[in-house]
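Comments concern the structure below.
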Amino acid sequence: MLLRQRVSPARWKIIAPGAVAILAVAVAMGYGSTAIADEPENGDEQAERGAAEPGEMNGAAVIKDGWWWAVNETPEDETGFVPQEPPPSNVPEGAIPVAAAAGDPEKISAIEFMLDAQPGAEVHSAVIALRESDESGANINEEDAAILACQITEEFWADGEAAAWETRPEYDCEEGAAEGVRDGDGTWTFDISAMAATWVDEGSPNPQSFALVENVDSPESFQVSFEGVAMDGVGIDVEATGVEREQIGEDEADGVADAVGDGPSGEGAPDGADMPDGAGEQPAGADAAAGDDAPSGAEAPEAAPGEEEAEADAAAGPVRPALYEGIPWPAWLLVPLALGVGYLLMLALGPRGEQVVSGRKGHGVSRALERWTRGGGSATGGA
């Protein structure tokens, strides 16, 4: 009769739930490791697109902001002085609103930046983030609003609040424009990468500023009041290469070295500088200490920068990597899986790992083997 491993139904009732649980844990851990491995790629994509948060400045700084109101437009036939209307009560102080009345612009705003990137640099991404004001009445129909950031074509414009409509800066949406995207918490983002790329073009006439204007048709009306720079409601994130501030050139560095001089002997010192008595002279007895064979004027060699640190590292001996170094972390997930499989084998085979005879009870050799495995007695049944 053949022998084989057999697990009783009662034992299977104990093993099956554990096996299913271990399998589920292994699958979940494998899926989790795959998701974690994908995170850097998603992070890289987000970094390529650029990310901005209101109040945070990365790669640029805000110079000024302002807004203009159509109510303060001077009539064409008016020859006398017309007093300017104060800002309306539904626009918080320090905010920069954008509004449309029946499809026509009623309020526009503008922001000027200064990029860290110098002319000739390459802008990979530039994103603006603006936060809506949370004051009551500051926003009207904001969920249906449509706003564009359009390139300002004036090199200089004066800022103000509810300023005269005729003093608003000139802008051209065909020269450059970015559509605003609103999220659920009232933060708007504008991808101005293409616009900002022209700001660092050598010889570009475009100033580093844009106007926020409405982009709806009649009869749509809305108002969105953004928190201004003073309220930390404006953020920008710019990713660029070739960003270099003005540094000391080689000629200037050489001039500084000449001014400092070559050493305490006084060579290279500025004209008219008095050296202390005995400066640059060799102490008495130095020739004898140096020896007869020492060349005239020889100086003791000095350690090169970093040489002392290198000698200290060499004296400490080579750094031995840890035993577990280099093992990918997903491989550690197999440890609990192996322990679980070992536990299941223990339940299946019993504490001594004995084999169980399957089939009906036999005679002769089969019965002798069964007695021998159970009682450890003689195969022949003798004492």
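What to note about this one:
- Rounded if a/c under 1.5, otherwise prolate or oblate - segment 133-196, Cα gyration tensor axes: oblate
- Residues whose amide H comes within less than 5 Å of that of A146, counting only those at least five positions distant or on another chain, are N215 (H built at 1.01 Å from N in the peptide plane).
- Amide H contacts for V91 (H built 1.01 Å from N in the peptide plane; partners 5 or more residues away or on another chain; cut-off under 5 Å): none found.
- For segment 211-221, Karplus couplings with θ = phi - 60° (6.51, -1.76, 1.60), whole Hz, Gly/Pro x: 9, 9, 10, 6, 9, 10, 9, 5, x, 5, 9
- Close amide-amide hydrogen proximity is noted between Y171 and T153, each under 5 Å apart and 5 or more residues distant or on a separate chain (H modeled in the peptide plane; Pro and chain starts excluded).
- Order by protection proxy (mean Cβ within 10 Å, highest first), peptides 134-147, 60-73: 60-73, 134-147
- For segment 224-231, 3J(HN,Hα) per residue [Karplus equation, 6.51 cos²θ - 1.76 cosθ + 1.60, θ = phi - 60°, Hz, x = Gly/Pro]: 10, 9, 8, 6, x, 4, 5, 9
- In terms of packing, defined here as the mean over residues of other Cβ atoms within 10 angstrom, the peptides 223-236, 109-122 line up highest first as 223-236, 109-122.
- Shape of segment 75-221, Cα gyration tensor, a/c cut at 1.5: oblate
- J(HN,Hα) series, segment 187-192, from Karplus relation 6.51 cos²θ - 1.76 cosθ + 1.60, nearest Hz, glycine and proline x: 9, 9, 10, 10, 8, 9
Only the coordinates and a few stated rules stand behind these numbers; no lab work does. It should be emphasised that the depicted structure is a prediction, and the values quoted were computed from it without experimental measurement. Cβ coordinates were reconstructed from backbone atoms using ideal geometry, including for glycine residues, and neighbour counts include every protein chain displayed.
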